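> For reference, the structure I am asking about is given below.
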Amino acid sequence: MEYQTPIITRFAPSPTGYLHLGHAYSAKLAYDFAHERGGKFLLRIEDIDRGRCKMEYETAIYEDLKWIGLTWETPVRRQSDHMSDYRQALDILDKQKLLFPCFCTRKDIRREIKESGGAPHDLHSEGPPYPGICRNLTAAERQSRLSNNVPYALRLDMTKALELAKDTGLAWADLEAGEQVTNSKELEDIIGDVVLARKDIPTSYHLSVVVDDHLQEISHIIRGKDLFTATHLHRLLQFLLGYETPIYLHHDLLSDENGRRYAKRDKSKTLKFMRDTDVNPLTLLSDILL
């Protein structure tokens, strides 16, 4: 497969805890991929979740990555500094009449699914697929709830979005899995009317990552296989927003000796703990990259 030029990769952690071995693996893969091809490696801080993000974790991210020998272009993009970029993307989608306000709580959604005989499905901890409760509210009903300051999220009308994209193919490439074509049925039945923003935060992971990768001209997105399904959604958003599509590489996820995926809550596996206990980073990297 021919590579786009220039090569630009990124590592985009959220400062909601300390980085672990799996993060080191992903960051080093992206770093090596760029530098071996004369490209650039970017660091991005995904800090839209203001309730969970902490400056101590962000500071540790810089220290951890330097400790394992990585350098990156500056300035570092922090999502919380660029909310206007996400609002502009929402405006593009809204002009296509692809967004609608959803006033449901997660409890409302689960109750609706249970009553309709559907089975909950957890995709990346976002809860069950949305059953369309607020999609068909009248304009008057929506305005009444907005006027009464009922909390809401902005959802993508997946059926309308897929109708716009039906003749495009929505192809994308993975360096390991090969050429992919986005599965419309999977998007509609499994992901559904995904949340793209909330009243108090004008973005979500799915929207911000697509916008950021576009604005930063990322040519290759290197991340874990747990996000493979999400890439189908991201490819759809790229089409709707008029963006180019990067090349992807979804790598295996690292597990501990018991077969459990590394997690931020596992203190003994965090890079900070290893730094504090004088673990040799060269040994660390040679072990995980074998």
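> Take the residues in segment 33-55 that are more than 22 Å from the chain's Cα centre (by Cα) and of a type in the set (D, E, K, R), then tell me which one is surrounded by the fewest Cβ atoms within 10 Å (Cβ to Cβ).
So the first thing to find is which residues in segment 33-55 are more than 22 Å from the chain's Cα centre (by Cα), and the list is 35-39.
Adding the requirement that they be of a type in the set (D, E, K, R) leaves 36-37.
Values: Glu36: 9, Arg37: 15.
My answer is Glu36.
> From the list Arg110, Arg142, which residue is surrounded by 15 or more Cβ atoms within 10 Å (Cβ to Cβ) and at pLDDT 75 or above? Talk me through it step by step, then tell me what you get.
On the way: Arg110 fails: at pLDDT 75 or above.
Unique residue meeting the criteria: Arg142.
> Additional query: Which number in (1) in contact with a strand residue (DSSP E or B) (Cβ under 7 Å, 6 or more places away or on another chain); (2) in a loop (DSSP other than H, G, I, E, B) marks the one condition that Ala30 misses?
(2)
> Of all residues in segment 17-45, count the ones that are over 16 Å from Leu175 (Cα atoms) and either among the small types (Gly, Ala, Ser) or touching a Cys at 6+ places or on another chain (Cβ under 6 Å) (or both).
So the count comes out to 6.
> Pick from segment 217-253 the residues that are among the aromatic types (Phe, Trp, Tyr) and surrounded by fewer than 19 Cβ atoms within 10 Å (Cβ to Cβ): which of them is nearest to Leu19 (Cα to Cα)?
Taking segment 217-253 and keeping what is among the aromatic types (Phe, Trp, Tyr), we get 228, 239, 243, 248.
Right, trim to surrounded by fewer than 19 Cβ atoms within 10 Å (Cβ to Cβ) and you get 228, 239, 243.
Values: Phe228: 21, Phe239: 32, Tyr243: 30 Å.
This residue is Phe228.
> Just to be sure I understand the filter: pairs with C-beta atoms under 6 Å, separated by 6 or more residues or on different chains, first member in segment 179-206 and over 21 Å from Thr168 (Cα atoms), second member surrounded by fewer than 16 Cβ atoms within 10 Å (Cβ to Cβ) and at pLDDT 90 or above. Which pairs pass?
Pairs found: Pro202/Met83; Pro202/Arg87.
> Just for segment 239-282: of the residues that are more than 19 Å from Asp226 (Cβ to Cβ) and modelled with pLDDT under 80, which one is farthest from the chain's Cα centre (by Cα)?
Within segment 239-282, the match that is farthest from the chain's Cα centre (by Cα) is Leu282.
> Something else: Return the residues of segment 207-219 that are farther than 20 Å from Lys160 by Cα and in contact (Cβ under 8 Å) with a residue 40 or more places away in the chain; say none if nothing qualifies.
In the first step, residues of segment 207-219 are kept if they are farther than 20 Å from Lys160 by Cα; the result is 208-209, 211-219.
If the condition is that a residue be farther than 20 Å from Lys160 by Cα and in contact (Cβ under 8 Å) with a residue 40 or more places away in the chain, then Ser208, Val209, Val211, Asp212, Asp213, Leu215, Gln216, Glu217, Ile218, Ser219 are the ones that fit.
> So which of Asp256, Asp193, Asp212 ends up being farther than 21 Å from Gln79 by Cα, touching a Lys or Arg at 6+ places or on another chain (Cβ under 7 Å), of a type in the set (Asp, Glu) and buried (at least 19 other Cβ atoms within 10 Å of the Cβ)?
Just a single option satisfies the conditions, and that option is Asp193.
> Right, here's the next one. Look through Leu170, Leu164 and report the one residue that is at pLDDT 90 or above, surrounded by 11 or more Cβ atoms within 10 Å (Cβ to Cβ) and touching a His at 6+ places or on another chain (Cβ under 8 Å). Spell out how you get there, then give the answer.
On the way: Leu164 fails: touching a His at 6+ places or on another chain (Cβ under 8 Å).
Matching residue, one of Leu170, Leu164: Leu170.
> Which residue is surrounded by the most Cβ atoms within 10 Å (Cβ to Cβ), if the candidates are limited to segment 269-288 and must be among the β-branched types (Val, Ile, Thr) and either under 16 Å from Gly22 (Cβ atoms) or touching a residue at least 12 places away in the same chain (Cβ under 8 Å) (or both)? Break it down stepwise before answering.
Step one: list which residues in segment 269-288 are among the β-branched types (Val, Ile, Thr), which gives 270, 277, 279, 283, 288.
Retained after the next criterion (residues that are either under 16 Å from Gly22 (Cβ atoms) or touching a residue at least 12 places away in the same chain (Cβ under 8 Å) (or both)): 270, 279, 288.
Values: Thr270: 23, Val279: 13, Ile288: 15.
The selected residue is Thr270.
> Next question, about the same structure. Cβ-Cβ distance below 6 Å, separation of 6 or more or different chains: which pairs start in segment 10-22 with a residue that is farther than 20 Å from Arg260 by Cβ and end on one that is aliphatic (A, V, I, L, M) and part of a loop (DSSP other than H, G, I, E, B)?
Close Cβ pairs (under 6 Å, with a partner that is aliphatic (A, V, I, L, M) and part of a loop (DSSP other than H, G, I, E, B)) amount to Arg10/Ile218.
The values are calculated or read from the model by the stated rules, or taken from the named source; none is laboratory data. Since we're looking at a predicted model, the values are computed, not measured. Cβ sites come from the backbone with ideal geometry, for glycine too, and all protein chains shown count toward neighbours.
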